[in-house]
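Colleague: Can you keep this structure in mind? I'll have questions shortly.
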Amino acid sequence: MKILVAAGGLSPERDVSLTSGTLIANALMENGHSVAFADIYEGIPEESLGKGPDGIYFNKESGKHFSYKVPGTEPDIEAIIRANGNRRDQVGPGFLELCKSADTVFVALHGGIGENGVFQALLETYGIKHTGSGSEGCSLSMDKSIAKTIAAAAGIKTPAWEYFPQEIPVEEVVTKTEQKIGFPCVIKPCGCGSSIGVTIAAGKTEAEEAVEKARQYGTACMAEKLIRGREFSCGVLEEESPDGERIITALPPVEIIPKSGFYGYADKYQAGLTREICPAEIPPEYTEKLQKAAATAHKVLRLKTYSRSDFILDKNGNPWWLEINSLPGMTPTSLVPQEAAAIGINYNELCERIIKASLR
């Protein structure tokens, strides 16, 4: 097949996406596909525009190898925009035509329009096939407050929270947080992943700074009750039975133990900063609880193909669902590839399964 791997964009998770995308592109070429790799913001490189879309597809015989490494700090989005003539269009020149040239688009985006459903809606408008969930599921799951509302209604245990739109003054946010959630608490943007903009606030002063920080990412924020315990993640994969039945399978959970004590941006993507145990060394009944909640969240949030849910397991063995990722990372340190490997699915096979399930 001709497959376009879409990555990058103007999300704060841009660098994570580019790393995921390069690995996916290399795996798909090794699997025998013709692959194009492009940044949705930068579009088709100028030197390739004259060649037409077919000029930037590569296969195993081409000897092409893509590479990118996540830096230790978040990307400077404004600097990227300045370097591109202050262009703020989310989709770059020639990119939509490139999407139309592919048999399917492998969506390797994280955050921003890639995970909030906007990019998927664009592809769906033009009838372009793509991997992963549709625009509806991405939209529901990307907003943490909406996702928690739906998950709680489905009986999934999730920490108490309060939602705060951008227009509410910071002082009012802090006052309501103290009254309804209490300190310490977690303050985070409603529409970011990779722990970007997340702060554990011990009191009012820290909470004010945390709200300002969270709002830098252009979304509403939320205050969430801090649950003490061990951190886990549990992925979900879908496949289709011979008779066409949708099968949702939860993967073995992974326990996450960051050396810093907080699983932040650098801890997620810099090797050696976090210890990850997969399969998690917990009693079978705890594993079953995590897997059941992950599969339920995937289903009720109308996600497709694959996802990953994050949890805190308290001292009594209760899993507290934090959020779901409709496009889990596929970097060297990412969790879903580790979980898949634990049941014998290597990276190349995982990419292939995602494509096949999506096309079905």
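The values are calculated or read from the model by the stated rules, or taken from the named source; none is laboratory data. Since this is a predicted model, take the numbers as computed values, not measurements. Here the Cβ positions follow ideal geometry from the backbone for every residue, glycine too, while neighbour counts run over all protein chains shown. SASA here: full protein model, heavy atoms, side chains in, ligands and nucleic acids out. Shrake-Rupley method; radii C 1.70, N 1.55, O 1.52, S 1.80 Å.
Colleague: Looking for whichever is touching a residue at least 40 places away in the same chain (Cβ under 8 Å) and either open to solvent by 30 Å² or more (accessible area, probe 1.4 Å) or out of contact with any Leu (no Cβ under 7 Å at 6 or more places or on another chain) (or both) here; the options are Asn116, Asn59. Which one fits?
Modeller: None of the others qualify; the one that does is Asn116.
Colleague: Against the conditions (1) in a loop (DSSP other than H, G, I, E, B); (2) open to solvent by 20 Å² or more (accessible area, probe 1.4 Å); (3) modelled with pLDDT of 95 or more, where does Ala280 fall short? Just the number, please.
Modeller: So the condition that Ala280 fails would be (2).
Colleague: Turning to a different aspect of this structure: For a quick check of your reading: which helices (runs of 4 or more DSSP H) sit entirely within region 140-250 and have at least 3 residues that are open to solvent by 20 Å² or more (accessible area, probe 1.4 Å) and more than 22 Å from Trp321 (Cβ to Cβ)?
Modeller: Those helices (runs of 4 or more DSSP H) span 170-180, 204-215.
Colleague: I'd like to check something: does region 338-360 contain any residue that is in a loop (DSSP other than H, G, I, E, B) and within 19 Å of the chain's Cα centre (by Cα)?
Modeller: no
Colleague: Within the group Gly132, Gly127, which residue is open to solvent by less than 60 Å² (accessible area, probe 1.4 Å) and not in a strand (DSSP E or B)?
Modeller: Criteria check complete, one pass: Gly132.
Colleague: Within 19 Å of the chain's Cα centre (by Cα), farther than 30 Å from Ala341 by Cα and either of a type in the set (S, T, N, Q) or at pLDDT 95 or above (or both): is that true of Thr219 in this structure?
Modeller: Yes; evaluated as a whole, the condition is true for this residue.
Colleague: Output the residue which, of all residues in region 9-32 that are under 14 Å from the mean Cα position of the chain (by Cα) and closer than 16 Å to Thr131 by Cα, is surrounded by the most Cβ atoms within 10 Å (Cβ to Cβ).
Modeller: Ser17
Colleague: Scan region 97-107 and give yes if some residue there is within 12 Å of Leu4 (Cα to Cα), in contact (Cβ under 8 Å) with a residue 24 or more places away in the chain, within 16 Å of the chain's Cα centre (by Cα) and open to solvent by less than 50 Å² (accessible area, probe 1.4 Å), otherwise no.
Modeller: Yes, region 97-107 has at least one match.
Colleague: Continuing with this model, one more query. Conditions first: (1) surrounded by fewer than 22 Cβ atoms within 10 Å (Cβ to Cβ); (2) under 30 Å from Leu322 (Cβ atoms); (3) more than 14 Å from the chain's Cα centre (by Cα); (4) in contact (Cβ under 8 Å) with a residue 24 or more places away in the chain. Gly92 passes all but one, so which condition is the exception?
Modeller: It is condition (2) that Gly92 fails.
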